[in-house]
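First the structure, in the form of structure tokens, and then the observations on it.
The values are calculated or read from the model by the stated rules, or taken from the named source; none is laboratory data. Just so it is clear, the model here is predicted, and its values are computed rather than measured. So basically every Cβ, Gly included, is an ideal-geometry build from the backbone, and we count neighbours across all protein chains shown.
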Amino acid sequence: MNYHRYYPVDVVNGPGTRCALFVAGCEHQCRGCYNKSTWPLNSGMVFTQELEDQIIGDLQNTEIKRQGLSLSGGDPLHPQNVPAILKLIKRVKTECDNKDIWLWTGYLLGDLTNEQQAVLPYIDVLIDGKFVQELADPKLLWRGSRNQMIHHLHEKF
Ligand code: SF4
């Protein structure tokens with residue numbers, strides 16, 4: 001998996017203070033996408049074991065307490081990203097106390113393949129659906145267009 005940005009402290013992508021990772025790779029080609037540079041799977045930088053370890057360490061850090069991890073892109077559920085995302089979120093849920101995981105994807109929850117569905121037990125909140133320019137609304141919280149849905153799957157907070 002490749003990624004474009006990692007913010008160890010983020011306050012705009014999900015509730016509270018968070019870690020936020022923006023991965024590379026998206027096949028949805030939404031008109032009006034403002035992250036076009038993330039579409040190619042091989043764009044950005046390689047997501048290394050060191051960065052995975054850093055994210056776990058940042059989430060465990062008690063000096064700057066994070067509420068959780070946000071995963072966006074690109075699309076974290078691009079089939080080629082799923083194995084690395086699954087490995088990361090399993091670690092978050094076993095090694096980090098009470099951290100929520102929010103994930104943004106262009107796929108619809110009901111259309112996820114078996115491989116993509118494997119992430120769902122670890123995701124607290126899934127925001128799904130392509131960005132549709134005609135339904136865009138800057139007043140929406142956590143989503144860009146009205147067709148996108150916020151699914152609270154396992155939210156404990
Ligand atoms: S899903 Fe997101 S990153 Fe992918 S094309 Fe649509 S708006 Fe862009």
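Remarks
- Residue check, G32 touching a residue at least 40 places away in the same chain (Cβ under 8 Å), on the phi > 0 side of the Ramachandran plot and within 14 Å of the ligand (Cβ to nearest atom): yes
- Single residue of D75, D58 found to be within 23 Å of L135 (Cα to Cα), of a type in the set (D, E) and surrounded by 15 or more Cβ atoms within 10 Å (Cβ to Cβ): D75
- From Y34, Y7, residue being surrounded by fewer than 19 Cβ atoms within 10 Å (Cβ to Cβ) and not in a loop (DSSP other than H, G, I, E, B): Y7
- Per the listing L140, L126, the residue uniquely out of contact with any Gly (no Cβ under 9 Å at 6 or more places or on another chain), farther than 24 Å from K65 by Cα, at pLDDT 95 or above and within 14 Å of the ligand (Cβ to nearest atom) is L140.
- Residue check for Y107: under 15 Å from the mean Cα position of the chain (by Cα) and under 18 Å from A20 (Cα atoms): no
- Filter result (under 18 Å from Y107 (Cβ atoms) and assigned to a helix (DSSP H, G or I)) within region 37-60: T38
- Failed item, numbered, when N42 is tested on (1) under 15 Å from the mean Cα position of the chain (by Cα); (2) within 16 Å of the ligand (Cβ to nearest atom); (3) without any contact (Cβ under 8 Å) to a residue 60 or more places away in the chain: (1)
- Boolean, Q67 is away from the ligand (no atom under 14 Å from the Cβ), polar (S, T, N, Q), surrounded by 13 or more Cβ atoms within 10 Å (Cβ to Cβ) and within 15 Å of the chain's Cα centre (by Cα): yes
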